[in-house]
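Q: I am attaching a structure below and will ask some questions about it afterwards.
The values are calculated or read from the model by the stated rules, or taken from the named source; none is laboratory data. Keep in mind the model is a prediction, meaning the values are calculated, not measured. Cβ atoms come from the backbone with ideal geometry, glycine included; neighbour counts cover every protein chain shown. Ligands, DNA and RNA are stripped out before the accessible areas are found, and what is left, the full protein with its side chains, is counted by its heavy atoms. Shrake-Rupley method; radii C 1.70, N 1.55, O 1.52, S 1.80 Å.
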Amino acid sequence: MSRRDLIIFISLSFMWSLSFIFYRVGVPEFGSMSFASLRVIFAGLTMLAFLAFNPTHLKIVGKHWKLLTVVGLVSTSIPFVLFSYAAQSVNAGVLAVLNASVPMMSGFIASTFFNDKLSKKQTLGLMIGIIGVVILMSESLFGGAASDLGSSLVPMGYALLGCVGYAIGANVTKNYLHDTSPVAITIGAMLIASVVMLPVAIYEFPYGQSISLKAWVSVVCIGVFSTAIAFIFINELIKSIGPMRATSITLVIPIFAIIFGYILLGEALDTAAIVGSAVILVGTYLSLNLSLKSFTGSH
């Protein structure tokens, strides 16, 4: 993993972690489905600007439109809808743990269908990382009653299906779009996803309700930065270090989300958060197969 990949990895962690803050601000006013669909649409508008700046990407999108349709649906539209439904009855801690299963799913798909085997060190790192996420989110994960957890099994299933979509999209990108630029992949995927989500946005929009400027800023920011720009970065990582190592970013996201929650929203920072974060960092270090060279130069 080069220094450039590591910088992209950390930057992407920041951008996706901020999406939790944007959700906290925007969802109460827009509603979960409206917010999710608007997120995709603003991401699509952002990629239209990229296309206007470099129209040659349109030819690439036209060449790979079938694969980009698959990536757009399984990596954005479908998971965003599934997670929106799940978030209505599953707490953030459980969702974070479920989301941390993405790299394991990516690794399974890569090794089963594309002969991209994981090393013992990487597998151990992923398992340690997931344990760290459980520790990190232990209060919200185990704080509710068992009956609440039981009633959430179906929504949890929705979230897991969303994770499967992320894993499939990452492997399709790596194995079938390896010669396509990350910007072109994101343009095609986001534009197609935007078309799919437009009817949802129109139907679910809270007409007649006053939406604050803060909520509008949150949905624009999550669309532009945490979706459009972030997907360019993740597509770059997938091409560079593979789907399993790239999607292991889902292990790190809860750490930054808690830090931002502490700084921006005044949320508590407890012992479980500190211990869980340390365990996650160890697991991520192993799963990414990092060395000191990652911090001193590329290799």
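Q: For the stretch 215-233, give me the residue count where each residue is in contact with a Phe, Trp or Tyr (Cβ under 8 Å, 6 or more places away or on another chain) and open to solvent by less than 40 Å² (accessible area, probe 1.4 Å).
A: Result for the stretch 215-233: 11.
Q: Applying the selection to the stretch 203-234, what residues are of a type in the set (Phe, Trp, Tyr) and not in a helix (DSSP H, G or I)?
A: Hits for the stretch 203-234 are PHE205, TYR207.
Q: A follow-up question, please. Could you tell me whether ILE255 is under 17 Å from the mean Cα position of the chain (by Cα) and crowded, with 24+ Cβ neighbours inside 10 Å?
A: no
Q: Looking at the stretch 162-179 only, could you name the residues that are farther than 30 Å from ASN54 by Cα and open to solvent by less than 40 Å² (accessible area, probe 1.4 Å)?
A: Let us first name the residues in the stretch 162-179 that are farther than 30 Å from ASN54 by Cα, namely 162-164.
Residues satisfying the conditions are GLY162, CYS163.
Q: For LEU95, indicate whether it is modelled with pLDDT under 75, touching a helix residue (DSSP H, G or I) at 6+ places or on another chain (Cβ under 7 Å), among the hydrophobic types (A, V, I, L, M, F, W, C) and assigned to a loop (DSSP other than H, G, I, E, B).
A: no
Q: Which count do you get for residues in the stretch 229-267 that are small (Gly, Ala, Ser) and in contact with a Pro (Cβ under 9 Å, 6 or more places away or on another chain)?
A: Qualifying residue count, the stretch 229-267: 2.
Q: Does SER37 meet the test of being under 14 Å from the mean Cα position of the chain (by Cα), part of a helix (DSSP H, G or I) and of a type outside the set (Val, Ile, Thr)?
A: So SER37 fails the test.
For every residue, the table says whether it meets (1) surrounded by fewer than 18 Cβ atoms within 10 Å (Cβ to Cβ); (2) under 24 Å from PHE256 (Cα atoms); (3) modelled with pLDDT under 90.
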{"site": "ILE8", "(1), (2), (3)": "no, yes, no"}
{"site": "SER13", "(1), (2), (3)": "no, yes, yes"}
{"site": "SER19", "(1), (2), (3)": "no, yes, yes"}
{"site": "TYR23", "(1), (2), (3)": "no, yes, yes"}
{"site": "SER34", "(1), (2), (3)": "no, no, no"}
{"site": "THR46", "(1), (2), (3)": "no, no, no"}
{"site": "ALA49", "(1), (2), (3)": "yes, no, no"}
{"site": "PRO55", "(1), (2), (3)": "yes, no, no"}
{"site": "LYS59", "(1), (2), (3)": "yes, no, no"}
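Q: Follow-up question, since we're still on this one. For the stretch 1-44, which residues satisfy the criterion of being under 29 Å from GLU204 (Cβ atoms) and of a type in the set (D, E, K, R)?
A: Answer for the stretch 1-44, where residues must be under 29 Å from GLU204 (Cβ atoms) and of a type in the set (D, E, K, R): ARG24, GLU29, ARG39.
Q: Picking from PRO199, PRO182, PRO206, which residue would you name as being free of Cβ contacts under 8 Å to residues at least 60 places away in the same chain and either within 22 Å of ARG3 (Cα to Cα) or open to solvent by less than 60 Å² (accessible area, probe 1.4 Å) (or both)?
A: PRO182
Q: Just to be sure, is SER77 under 15 Å from PHE231 (Cβ atoms) and part of a helix (DSSP H, G or I)?
A: Numbers: under 15 Å from PHE231 (Cβ atoms): yes; part of a helix (DSSP H, G or I): yes.
Considered against the rule, which asks whether it is under 15 Å from PHE231 (Cβ atoms) and part of a helix (DSSP H, G or I), SER77 comes out as yes.
Q: Further, regarding this structure: Based on this model, can you work out whether LEU48 counts as part of a helix (DSSP H, G or I), under 17 Å from LEU198 (Cα atoms) and either in contact with a helix residue (DSSP H, G or I) (Cβ under 7 Å, 6 or more places away or on another chain) or not β-branched (Val, Ile, Thr) (or both)?
A: On the way: part of a helix (DSSP H, G or I): yes; under 17 Å from LEU198 (Cα atoms): yes; either in contact with a helix residue (DSSP H, G or I) (Cβ under 7 Å, 6 or more places away or on another chain) or not β-branched (Val, Ile, Thr) (or both): yes.
So LEU48 passes the test.
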